[in-house]
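The block underneath contains the structure these notes are about, expressed in structure tokens.
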Amino acid sequence: MQNRVALVTGGIGGIGTAICIELAKGGAKVAANYYPSDSELAKEWQAKMKADGFDVMVVPGDVTNIESCQAMIAQVEQELGSVDILINNAGITRDGTFKKMSAEQWNAVIDTNLNSVYNVTAQVWNGMLDRGYGRIVNISSVNGQKGQFGQANYSAAKAGIYGITKALAQEGAAKGVTVNSISPGYIGTEMVMAIPENVREKIVAQIPVGRLGQPSEIGRAVVFLAGEEAGFITGSNLAINGGQHMF
Ligand code: CAA
Ligand code: NAP
């Protein structure tokens, strides 16, 4: 992926950071998207990445807002060039039993985790088709595959990702554009650390490997699917969950 331009949404988060590092190690020119109000955090993140030897562009953009996504892509194109690799990674949780789930909780998760995939992908898709090359990796979740108590919103959004992945895989196949998903299990980032400890312990007890996953274990898989050599892999899903769910 030498000199390919890669954009990672939610790039300064737990899994996003690992994805940026692995893409940069692979030789890509990487842009990490951050939520606009996180600009101070993004500057600190960028400085730390630089100190660790990774030169990564940071770019604001609210993935729930299409105009914001248009501005984000324009900025990446201006600084780095056309986007060859898109990792749709930004996501949130608003957990609660369905009995208590508000419309705000439902809509926030559908907007951030599913509508975002449209909002960002639509900005780069035609260019990828025209240039005859593209790699898109959508980050879903084990909970999109199996459903999760307390996550009707999140499970629905993450399951929706499989639909768009497989439809776009068909539309992009003859044009050199591959579209795949990765479904991480429970990975030790802030998102999982926000689960009450007693509940989290019960979840870890259900993971045959006996631990949470590490962000780098997702980052390496992203690079595999985003590589030029992965041109025959499209419309597929890679489950990385320590054996928690086999499908
Ligand atoms: N299956 C069956 N019943 C369950 C259950 C489960 N998995 N979890 C909880 N319950 C039951 C409880 O036993 C309790 O029953 P009683 O009322 O009879 O005592 C009832 O549901 C309410 O449970 P809580 O006291 O936990 O209710 P709460 O309202 O305080 O919290 C919850 C509910 C928010 C769903 C909480 O249980 C929770 O946070 N669960 C974890 C959800 C989860 O896995 N989120 C993943 C976040 S990380 C992520 O999303 C990343 C990724 O992709 C993997
Ligand atoms: P994280 O550390 O919270 O990172 C998510 C990032 O997305 C954060 O930087 C967040 O910014 C950003 N974001 C949220 N809303 C956004 C928006 N509207 N526009 C732009 N950026 C936004 O979580 P993570 O664990 O790395 O999760 C990354 C992805 O992996 C998510 O899609 C998640 O659903 C998925 N996933 C995670 C796990 C896991 O166990 N951790 C498992 C399966 C799948 P803020 O910090 O400002 O909100």
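The values are calculated or read from the model by the stated rules, or taken from the named source; none is laboratory data. It should be emphasised that the depicted structure is a prediction, and the values quoted were computed from it without experimental measurement. So basically every Cβ, Gly included, is an ideal-geometry build from the backbone, and we count neighbours across all protein chains shown.
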Picked from region 189-199 (must be surrounded by 11 or more Cβ atoms within 10 Å (Cβ to Cβ) and over 27 Å from Ile164 (Cα atoms)), the residue farthest from ligand 1 (Cβ to nearest atom) is Met193
Note: among Lys146, Lys175, just one is in contact with a His (Cβ under 9 Å, 6 or more places away or on another chain) and surrounded by fewer than 23 Cβ atoms within 10 Å (Cβ to Cβ), namely Lys146
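Let's see how each residue does on (1) out of contact with any Ser or Thr (no Cβ under 6 Å at 6 or more places or on another chain); (2) touching a residue at least 40 places away in the same chain (Cβ under 8 Å):
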residue	(1), (2)
Pro60	yes, no
Ile66	yes, yes
Gln70	yes, yes
Glu79	yes, yes
Asn88	no, yes
Thr93	yes, yes
Gly96	yes, yes
Met101	yes, yes
- Task: Can you confirm whether region 118-134 contains a residue that is crowded, with 20+ Cβ neighbours inside 10 Å and within 16 Å of ligand 1 (Cβ to nearest atom)?
- Result: no
Exercise. Is it the case that some residue within region 163-181 is part of a strand (DSSP E or B), within 14 Å of ligand 2 (Cβ to nearest atom) and in contact (Cβ under 8 Å) with a residue 24 or more places away in the chain?
Worked result: yes
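Go through region 43-152 and tell me which helices (runs of 4 or more DSSP H), entirely inside it, have 2 or more residues that are at pLDDT below 95 and not charged (D, E, K, R). Outline the logic, then answer.
Numbers: elements: 66-79, 103-110, 116-131, 142-146.
Answer list for region 43-152: none.
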Worksheet item: Within the bounds of region 25-39, is there any residue that is away from ligand 2 (no atom under 13 Å from the Cβ), part of a helix (DSSP H, G or I) and over 16 Å from the mean Cα position of the chain (by Cα)?
Response: yes
